Amino acid sequence: MTDEIMRILNKKAFSVLEFTVLFVIVIGAFLIMRNYIQRGMYGQWGKSGQSFAFGRQFDSQRSIECSYDEVSGLWYDHNCVESQCPGGSPTCMEGIIKGGTCSSSSCEKLN
């Protein structure tokens, strides 16, 4: 009877040992492949972000950021107005928006 109990305990101990080794191998594989997994995830993240811009990259100098002016009721290119009014003075900004200085951008299509 004692031999039978020892045999069952040895089988259980061996099963626990097998699962532990399997777990260590799986975790080790994930650790080794971590960089590849991470790069793949970042690549998919970047691809989904670029799909919103139709594959174009954001460039703060050339990209258009349309803003709405509630006073005049017009859409304007925020980057263009900011470059012409460095201090951000409201009177300067209103003059440029109403004067149409930055009207060559695609924000004009929204008006």
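Since every read-out is calculated from the coordinates, none of them should be taken as a lab result. Just so it is clear, the model here is predicted, and its values are computed rather than measured. Here the Cβ positions follow ideal geometry from the backbone for every residue, glycine too, while neighbour counts run over all protein chains shown.
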**Prompt:** What ratio of Cα Rg to 2.2 N^0.38 Å holds for segment 10-54?
**Reply:** 2.00
**Prompt:** Assuming R0 = 41 Å, what is the FRET efficiency of Q38 and K98, from their Cβ-Cβ distance, to the nearest 0.05?
**Reply:** 0.25
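Count charges around E65 for me, please; just the other residues with Cβ under 10 Å from its Cβ, Lys/Arg as +1, Asp/Glu as -1.
In short, -2.
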**Contour excess over end-to-end distance, with Cα ends at S89 and V21 and 0.36 nm allotted per residue** = 17.6 nm
